[in-house]
Amino acid sequence: MVVSPGQGANPVVAVLHSADVPPDLEARTGQGIALRYATAAELGRALPGAEALLVWDFTVGDALRENWTAADALRWVHTASAGVDRLIFDESIRSDVVITNSRGVFDTAMAEYVLASVLAFAKDLPTTLRLQGQRRWEHRETETVAGAHAVVVGGGPIGVACARLLAAVGMRVELVGRRARPGVRAGDELPGLLGDADYLVLAAPLTDQTRGMVNAELLARLPRRARLINVGRGALVVESDLIEALRAGRVAGAALDVFAREPLPEASPLWTLPGVIASPHMSGDVVGWREALVELFADNLRRYRAGRPLRNVVDKARGYVSTGS
């Protein structure tokens, strides 16, 4: 999709950030760009006259909704994340503002996290580390991943990367997307696929249709040996239902990189429940990820200034990327 600059080739770009700021953004975006750095509290003062907004910290993305009336010249929003749920609201949907995301930056890293979680569960690495800390020699038998059945929810690049990597170690993988296509099952088929699943992997975007999709009813369809792995969004899961299922032994474990509230509250049972691996929303954050995010934005900014099609344009009505590079 082409978005023509509104005030010539030197637009004002607001940058929404928290403590972390994009590395070398000025050098990578080139001359003539006016960058306005703003925290969530400052965004209302940075938006007037800005044609573009870089949402560097997606966790404060709600600030755009709260300051939407100040966005009097906004034409394009780019988020340094794969998820766009915080940028999809009634006003943004009705507007002509184009939204792009950072699709492609996190795929391999997140797929490796999923594979690592599968191997950690199968080889009981959490117990090994715990016993090592106690200097206890306790022989155990573990599982093999070859032949295990994984259901991956999310037909986008992250889900595809997860499915590919899990299949490479011999797992039987079924990929579930929004709608059916070759190699991908439709979303309404998901409940019927879970009865023999060893792993349920969530790599789907958060939309009205996917919010709370993993609830008590869906968890009850899994065999007791199954583990849940979530690298999508915390709100895909009804957390209270998952906690109850873990406590009752109706599922064997969960590897969670995302949560309904982040940071995960200290009082959450998910910190200490047996069978749970909890990580602080870091599955895609590998060495060099910040630089890759800045380069993707800089490339899109060059396209914007030249009147060329942008990469990773999001279908705002559905919350999915609608065009590629």
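So here's what we get for this one:
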| item | result |
| --- | --- |
| P205, sole failed condition from (1) touching a strand residue (DSSP E or B) at 6+ places or on another chain (Cβ under 7 Å); (2) in a helix (DSSP H, G or I); (3) under 24 Å from D315 (Cα atoms) | (2) |
| In the stretch 251-271, the residues that are among the acidic types (D, E) and under 17 Å from V231 (Cα atoms) | D257, E262 |
| Residue within the stretch 69-77 that is within 26 Å of D257 (Cα to Cα) and either in a loop (DSSP other than H, G, I, E, B) or modelled with pLDDT of 95 or more (or both) present | yes |
| Members of the stretch 278-322 found to be β-branched (V, I, T) and out of contact with any helix residue (DSSP H, G or I) (no Cβ under 6 Å at 6 or more places or on another chain), listed by number | V287, V313, V314, V321 |
| Among (1) surrounded by fewer than 22 Cβ atoms within 10 Å (Cβ to Cβ); (2) modelled with pLDDT of 95 or more - the single one D62 does not satisfy | (2) |
| All positions within the stretch 306-320 that are buried (at least 19 other Cβ atoms within 10 Å of the Cβ) and at pLDDT 95 or above | L310, R311, N312, V313, V314 |
| Residue count, the stretch 223-241 (criterion: more than 25 Å from V160 (Cβ to Cβ) and hydrophobic (A, V, I, L, M, F, W, C)) | 1 |
| Checking P11 against (1) within 15 Å of V314 (Cα to Cα); (2) of a type outside the set (S, T, N, Q); (3) touching an Asp or Glu at 6+ places or on another chain (Cβ under 6 Å); (4) surrounded by 21 or more Cβ atoms within 10 Å (Cβ to Cβ), the condition it does not meet | (1) |
| Scope the stretch 22-42; condition surrounded by 14 or more Cβ atoms within 10 Å (Cβ to Cβ) and assigned to a loop (DSSP other than H, G, I, E, B); matching residues | P22, I33, T39 |
| Residue in the stretch 116-134 that is part of a loop (DSSP other than H, G, I, E, B), of a type in the set (A, V, I, L, M) and crowded, with 23+ Cβ neighbours inside 10 Å present | no |
| Candidate set: the stretch 285-303, residues that are closer than 23 Å to Y113 by Cα and without any contact (Cβ under 8 Å) to a residue 60 or more places away in the chain; chosen: the one surrounded by the most Cβ atoms within 10 Å (Cβ to Cβ) | G288 |
| One residue from G234, G170 being closer than 27 Å to T127 by Cα, of a type outside the set (S, T, N, Q), under 16 Å from the mean Cα position of the chain (by Cα) and surrounded by fewer than 21 Cβ atoms within 10 Å (Cβ to Cβ) | G234 |
| Output for the stretch 198-220, where each listed residue is small (G, A, S), under 28 Å from A146 (Cβ atoms) and surrounded by fewer than 22 Cβ atoms within 10 Å (Cβ to Cβ) | A220 |
| Residue in the stretch 128-142 that is of a type in the set (A, V, I, L, M) and under 16 Å from the mean Cα position of the chain (by Cα) present | no |
| Subset of the stretch 69-124 [among the hydroxyl-bearing types (S, T, Y) and within 21 Å of G307 (Cα to Cα)] | T79, S95, T100, S102 |
| Test: residue in the stretch 85-92 that is surrounded by fewer than 18 Cβ atoms within 10 Å (Cβ to Cβ) and either closer than 27 Å to E217 by Cβ or more than 22 Å from the chain's Cα centre (by Cα) (or both) | yes |
| Within the stretch 78-109, tally of residues that are under 30 Å from A161 (Cβ atoms) and outside any loop (DSSP other than H, G, I, E, B) | 13 |
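The values are calculated or read from the model by the stated rules, or taken from the named source; none is laboratory data. All values reported here derive from a predicted model rather than from experimental measurement. Every residue, glycine among them, receives a Cβ derived from its backbone with ideal geometry; neighbour counts consider all protein chains shown.
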